[in-house]
Amino acid sequence: MQKKELPGEMYRPSAEVIGRARVKDWNAMVAEAEGDNQKFWAKEAEELHWFRKWDTVLDDSGKPFFKWFTGATTNIVYNCLDRHIENARRNKLAFLWEGENGDFRSYSYFALRREVCKFANVLKSLGVQKGDRVTIYMGRVPELPIAMLACARIGAIHSVVYGGFTVEALAERIDDSASRLVITCDGAYQRGKVVPLKDIADEALQRAATVESMVVVKRTGHDVKMEAGRDMWYHELMALPIAGNDCPAEVVDAEHPLFLLYTSGTTGKPKAILHTHGGYMVGTYTTLKYVFDIHEEDRYWCAADPGWITGHSYIVYGPLLNGTTSFLYEGAPNYPYPNRWWQMIEKYGINILYTAPTAIRGLMRFGDAWPNRHDLSSLRILGSVGEPINPEAWKWYHTVIGKERCPIMDTWWQTETGMFMITPMPCVPLKPGSGTRPFPGIIMDVVNEEGQSVGPNEEGYLVIRNPWPSMMRTLYNDPDRYIKQYWSQFPGSYMTGDSAKRDEDGYYWVIGRVDDVIKVSGYRLGTAEIESALVSHPMVAEAAAIGLPHEVKGNAIHAYVILRAGNSPGDHLTDELRSHVAHELGPIAKPEKITVVDSLPKTRSGKIMRRVLKARALGKDPGNLSTLEE
Ligand code: WT7
C-alpha cells in the first residue's frame, strides 16, 4: 500500500515497491551524481556498446555548444538491437502492436533488426546517405519505429512529423530540413476513420521542393494516387533483392546527428531541435532504467505518439536500449468504447503505463465502471508527462487505475532536454502535482528576473545550471537562435521557458509556460503558428491567439481576428476559420473559439499583448499597461 501521510499530502512508497526498486536510496544517488558528475554518466555509458571509447566525457570548451563522449564512436541502433541479439535477448519481444481495428503484430529483437536492416538497405538504394535528412509522416504503426531506426542505422537524420499535423506544418518542416525523402502511409486509423496521410503529404510536397521520392506504407488499403517516378510502395521495396537481411550499423561519431524534431517556440517558425547519437543514448537509457525501474520481464507501455519527443525517447530509443518489451497501440483511447486501454492492459499484462494528464482526464470523464470491469493488477508503476497534473486526475489515476499500489512518476522534461529532468523514482515519496526533484546529477533552480534564486514557494523562472548528456546540441541551421533562445536570458544557465516554485522540501511545482507557447492536450503549439495560419486566410487581416483553461485539454486555443475590409462577422465565418486552421496545421490546433474584433492590444513597438487578451477573457486584472499603445 502507498501510505498517505497527514498532514500535507505525502505518499510514501510501500515496502513492496522499495523492495523491487533498483534505486533504494535516492539521496545517496543524488550525492554520488553531484559529487563526480562525469564519473556518474561515464559509469552508465560503460553499460552500452562503443566501437571506440571516449577521450573526454564532457567537453565544455565551446559552451553553450556542449559535447559529450568526444572521441568515441558508436551507433544508437547497434545498441538498441545488435547488442541484445548478441546478449541473449535475441528471441525476446521488442514490440507488441495492436491496431485500432484489432490487428496484431509482434517483433522479437531478432525480427526487428531484420526489418530495420532491410529497410536500411532500401534507403541506401534510394540514395540516402549519412547526414541526409528524411521526413517521416506516419500513423502509429510498427513501420514508424522501423523507419526511424533504419535512418539512424545508416547515419541519416530522421525528422518525424506528428501524424496529427497537416499540410502547412508538414510542408514547412520538410522544407526547413531539406529532406530528400518522405516516408508516409496510405492512411491512419483514428476513431474508426481514415486520416488521409498520403493525400496530405501530396499537398505538402507541392509547397516543398527538395523531395525526390516518397515511400508509402500500405496500412488502410484506402485509395491513393501514386506519382510515377516519385512514389513507391514500402512492401514492394522490401520484397526486392536489394532489401537484404543484413546491413551493418554505420560507425558514427558520438556527436553525429541522430534526429531533428520540430517544436514550437516563442516567435516565428518552429525550431528544429537537434539530438546526437552518443549523449542522447546514455541519457534516455539511464533515465528510463531508473525512473520506470525496468526489469527483464516487464511489459512497458508509453501511450504517447512516436512523433513527439516522448515517443522518440521513451517508445523507441529508451525502451530498446534497455532491451525491454514495449506495447504500441495505433488508435484512440476510447474506441470503440472507453474501456479500450484498460482492456489492453489486462489482455497484454502491462506492468508500466506512461501517459499524459489530458488522456487521464479524458478517460476519467467516462467514470470508474469502465476501468473497474478489468483486471489491472499487472500494473506496477504509472507515469505522467506533458503538463502539470491536477490533483483530481492524480488521485483518480492513483486509486482507480493504480489501486493505490502504483507510484506515479510525474516526469518534467522537454523536447530540448531529450530525457527526464525533474522526476521521482519509485523509492521517492510523492506529492500529487509535483515532479519531486531533479534527476540525480541535474542541477536546477528557480530564479527571478536577475537570475537570483528565489525563496521557498516563490514563483520564478525554471532554469538548468549544468549540462547533461541528452541535451539538445543546437537548433539545426540556426545556432544563433539556440544561444539567444536558451542561454542569453540567464548567462550560464539554460532557460526552460517554464515558471515554477520550489517548496521547503526542495520539491518542484511547475506552473506553466512563460512564453507564447500554448500546451493543448499536452501538445506544444506556438501562438505564432496559429496566428500565421489564420492570416493565411483571405478574409483575415490580423490575428492573436491565447490559451485559456480547459477541463480536459488543460488549455484550449482562443483566437481574436481583425477582418479585412468588406467581410462581416458571423458564425459561418468563424466556423470556416476554425476549419481552415485545422486544415493547415492539424485538428489539435483548431481554435475552440474565434472572436472578431476591431482592434488588438499592442505595445508601441507593435507586439500583440496576449496577456491583456487573456486577463480580459478571464476577467482578471491585466497588470502593468504602461507599454500599451493608445
Ligand atoms: C513543456 C515541454 C517532454 C515530453 C512532452 C512535452 C511542459 C512537460 C511536464 C510535467 C508540468 C510539464 C512544460 C515543458 N511539461 N512535462 N510533468 N509537469 N509541465 O515536451 O512538447 O517539448 O513540451 O511541457 O511546460 O516546458 P514538449
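Express in % the proportion of alpha carbon pairs of the stretch 220-341 at distances exceeding 22 Å. So the portion of pairs separated by more than 22 Å is 60 percent.
Run the numbers for Lys43 and Arg465: contour at 0.36 nm per residue of separation, minus the present Cα-Cα distance, in nm.
On the way: separation 422, 0.36 × 422 = 151.92 nm, distance 2.17 nm.
Length gained, Lys43 through Arg465: 149.8 nm.
Comparing Cα centroids, the stretch 17-57 and the stretch 280-325 end up 17 angstrom apart.
I need the Debye-formula profile for the stretch 3-95: one equal scatterer per C-alpha, no solvent, reported as log10 I(q)/I(0) at q = 0.19 1/Å, two decimals. With no solvent term, the Cα-only Debye profile gives -1.03.
Can you tally the net charge around Ser378? Count Lys and Arg as +1, Asp and Glu as -1, for every other residue whose Cβ sits under 13 Å from the Cβ of Ser378. Walk me through the numbers before you get to the answer.
Working: positive: Arg299, Lys347, Arg380, Lys403, Arg405; negative: Glu297, Asp298, Glu346, Asp375.
Neighbour charge sum, excluding Ser378 itself: +1.
If R0 equals 22 Å, the separation of the Cβ atoms of Thr603 and Asp480 corresponds to a calculated FRET efficiency of about 0.40.
Based on the Cα atoms of the stretch 501-630, what semi-axes does the equivalent ellipsoid have, where each is the square root of 5 times one gyration tensor eigenvalue, given in whole Å with the largest first? Write down the numbers at each step before the final one.
Values: eigenvalues 150, 76, 28 Å².
With the √(5λ) rule applied to the stretch 501-630, the semi-axes are 27, 19, 12 Å.
Modelled label positions at Ser61 and Lys225, each set 7 Å beyond Cα in the direction of Cβ, lie 5.5 nm from each other. Among the GluC sites (Glu not before Pro) within the stretch 297-403, those in coil by DSSP and having at most 10 neighbouring Cβ atoms inside 10 Å are Glu297. Taking only the C-alpha atoms of the chain, the Rg (one decimal) and the largest Cα-Cα distance, Dmax (whole number), read 23.8, 72 Å.
If a spin label sat at a point 7 angstrom from the Cα of Glu458 along the line to its beta carbon, the backbone N atoms of the stretch 410-450 nearer than 19 Å would be those of 444-450. Ranking Asn555, Gln489, Leu600 by how far each Cα lies toward the positive end of the dipole of the chain (charges on Cβ) leaves Asn555 at the top. The distance between label points at Thr595 and Arg191 comes to 2.7 nm (points 7 Å beyond Cα on the Cα→Cβ vector). Considering only beta bridges that DSSP places wholly inside the chain, some 60 percent are antiparallel.
For the stretch 508-558, the set of GluC sites (Glu not before Pro) satisfying both a DSSP loop assignment and a count of at most 14 other C-beta atoms within 10 Å is given as Glu551. Rounded to the nearest angstrom and listed largest first, the equivalent-ellipsoid semi-axes of the stretch 327-472 from its Cα gyration tensor are 32, 16, 14. Geometric descriptor of the stretch 89-214, per residue, is 92 Å³ (volume of the convex hull of the Cα atoms).
Shape class for the stretch 19-71: oblate, because the ratio a/c of the largest to smallest gyration tensor axis (alpha-carbon atoms, square roots of eigenvalues) is 1.5 or more and b/c is at least a/b. For the pair Trp233 and Lys395, the difference between a 0.36 nm per residue extended length and the Cα-Cα distance amounts to 53.6 nm.
Summing Lys and Arg as +1 and Asp and Glu as -1 over all other residues whose Cβ lies under 11 Å from the Cβ of Asn555 gives a net charge of +2. Shown here for the stretch 453-531: trypsin sites (Lys or Arg not before Pro) in loop regions (DSSP other than H, G, I, E, B) with at most 16 other Cβ atoms within 10 Å, namely Arg465.
Excluding Cys247 itself, what net charge comes from residues whose Cβ is under 14 Å from its Cβ, given Lys and Arg +1 and Asp and Glu -1? Present the calculation step by step, with values, prior to reporting the outcome.
On the way: positive: Arg113, Arg114, Lys118, Lys124, Lys130, Arg153; negative: Asp82, Glu115, Asp246, Glu250.
Taking every other residue near Cys247 into account, the sum is +2.
Take the Cα of Glu16, step 7 Å toward its Cβ, do the same at Ser626, and the gap between the two points is 6.0 nm.
Estimated from helices alone, the mean residue ellipticity of the chain at 222 nm is -7500 deg cm²/dmol (sum of -39500 (n - 2.57) over DSSP H runs with n ≥ 4, per residue). Separation of the stretch 222-242 and the stretch 479-520, taken as the distance between their Cα centroids, equals 45 angstrom.
The calculated FRET efficiency for Glu32 paired with Glu404, based on their beta-carbon distance and R0 = 35 Å, is about 0.65. Based on the Cβ-Cβ distance of Gln343 and Asn245, what FRET efficiency does E = 1/(1 + (r/R0)^6) give at R0 = 45 Å, to the nearest 0.05? With R0 = 45 Å, the Cβ-Cβ based efficiency is 0.80.
A short reminder: the numbers here are calculations on the coordinates, not readings from a lab. Not measured: the values here are computed from a predicted model. Cβ atoms come from the backbone with ideal geometry, glycine included; neighbour counts cover every protein chain shown.
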